[in-house]
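Enquirer: I'd like to ask you about the structure that follows.
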Amino acid sequence: NLGALPREAVESIFREIHATCRALEAPVRVAFVGVLGGHGYVAARGQFGPSASYAPVESASAAVADVEAKRADFAVLPYETAAEGPVNPTLVALRRSDLKIIAVHPVDAPLCLLSRTGNPQDVEKVYATASDRAAVSGALAALAPKAVILDVRSPLVACQLAAEDHGAAALALEPVGRALDLSVIGQLAADEARARFCVASSRPATRSGRDVTTLLFSVSDEPGALFEVLKHFAERGVNLRKIHSWPGDAEW
């Protein structure tokens, strides 16, 4: 790439080519945490493309178990959010497993109101999950005050229904609606959209030269215990980008 395209665009193009070619040999099975059309779904599709087979699960431990039992090839897990930092259930699930983190995929997809026309005047009803509706109830009422809100089981279903109805809109993440040719009426939430997901596999990733490693460890409850661990990084010239502690009375 000589600069005609952004680096992110080139990576996305070749990721799609790689995923499609790999699917010709054997469909990739991906377990992700969340619902169809949610943040985990967007992260998984962004990493593996539309040719993979996706299975939503309720927790990080369930996704890890699917990979360990060979029901899935990869697990896509919530790793870090802008609002709350590291996702502790994911760290616990990985600690109890032999799976390795092989990639980290950022998601910065705002929750939007989408429809076929993109015109708020056409909206007579809005399809939304209960959690998404609760998260943006005030903004949704201001954007579509006369619309009837109808509950659905997932944002993907909301978008599918909106794509079939001229007078309907969906409350969903922008990439999910765009994939079904829906237009954005308005953006309702952005701050909570920034998150990072990790991809876990039974096989470690190959070295790229730009790798980041996550280590989970425990220390004894005595003065200088943490220093005794951290000094080894300084002595070997290893940069520590982040340090997070776990409550001392937790199971770890």
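The values are calculated or read from the model by the stated rules, or taken from the named source; none is laboratory data. Here the structure is a predicted model, which is why all the values come from computation and not from measurement. Using ideal geometry, Cβ is built from the backbone for each residue, glycine included, and neighbour counts are taken over all protein chains shown. We work out accessible area using only protein heavy atoms, side chains counted, and drop any ligands, DNA or RNA first. Shrake-Rupley method; radii C 1.70, N 1.55, O 1.52, S 1.80 Å.
Enquirer: When you count, for each residue, the other Cβ atoms within 10 Å and take the mean per peptide, how do 3-15, 131-143, 58-70 rank with the highest first?
Expert: Averaged packing, sorted descending, gives the order 58-70, 131-143, 3-15.
Enquirer: Lys231: which lysines have alpha carbons under 28 Å from its alpha carbon, excluding same-chain residues fewer than 8 sequence positions away?
Expert: Lys100, Lys242
Enquirer: Another one. Where Lys and Arg each count +1 and Asp and Glu each count -1, what net charge lies around Ala130 among other residues with Cβ under 11 Å from its Cβ?
Expert: Surrounding charge for Ala130 is 0.
Enquirer: If you stretched the chain out fully between Arg178 and Ala69, how much longer would it get, using 0.36 nm times the residue separation minus the C-alpha to C-alpha distance?
Expert: 35.8 nm
Enquirer: Dipole of the chain, Cα-centred, from +1 at each Lys and Arg C-beta and -1 at each Asp and Glu C-beta, to the nearest 20 debye?
Expert: That gives the chain a dipole magnitude of about 600 debye.
Enquirer: Can you put Ile243, Ile102 in order of accessible area, largest first, using a 1.4 Å probe?
Expert: Order by accessible area, largest first: Ile243, Ile102.
Enquirer: Can I ask one more? Hey, rough spin-label estimate for Ala9 and Ser245, points 7 angstrom out along Cα→Cβ, what's it come to in nanometres?
Expert: Going from the Ala9 label point to the Ser245 one covers 4.7 nm.
Enquirer: Counting DSSP beta bridges with both partners in the chain, what percentage is antiparallel, nearest 5?
Expert: If I count the DSSP bridges inside the chain, around 65 percent turn out antiparallel.
Enquirer: If you don't mind, another one. Obtain the nm distance between the two label points defined at Ser220 and Ala139 by a simple spin-label model: each point lies 7 Å from its Cα along the Cα-to-C-beta direction.
Expert: With each label point 7 Å from Cα toward Cβ, the separation is 5.1 nm.
Enquirer: Hey, got the dipole for region 34-97? About the Cα centre, +1 on K and R Cβ, -1 on D and E Cβ, debye to the nearest 20?
Expert: Dipole about the Cα centre, nearest 20: 140 debye.
Enquirer: Right, next: Calculate the dipole size of region 77-171 relative to its Cα centre from +1 charges on Lys and Arg beta carbons and -1 charges on Asp and Glu beta carbons; express the result in debye to the nearest 20.
Expert: Roughly 220 debye, rounded to the nearest 20.
Enquirer: Just the number, please: carbon plus sulfur as a percent of the accessible area of region 1-152, 1.4 Å probe, no ligands or DNA/RNA counted.
Expert: 55 percent
Enquirer: Which distance in nm do the two modelled labels at Ser51 and Gln187 give, with both placed 7 Å along the Cα-to-Cβ direction?
Expert: Once both label points are built, they end up 3.2 nm from each other.
Enquirer: Taking 0.36 nm per intervening residue step and subtracting the Cα-Cα distance, what contour gain separates Ala234 from Asn88 on full extension?
Expert: Taking 0.36 nm per residue and subtracting the Cα distance, the gain is 49.9 nm.
Enquirer: How tilted is helix 7-25 with respect to the longest principal axis of the chain? Cα atoms for both, answer in degrees (0 to 90, nearest 10).
Expert: Between helix and principal axis, roughly 90 degrees.
Enquirer: Here is a follow-up. Provide the per residue accessible area, probe 1.4 Å, for the chain, rounded to a whole number of square angstrom.
Expert: The answer is 60 Å² per residue.
Enquirer: Put +1 on the Cβ of each Lys and Arg and -1 on the Cβ of each Asp and Glu in the chain; which of Pro89, Leu215, Gly38 then has its Cα farthest toward the positive end of the dipole?
Expert: Final value for the positive-end residue is Leu215.
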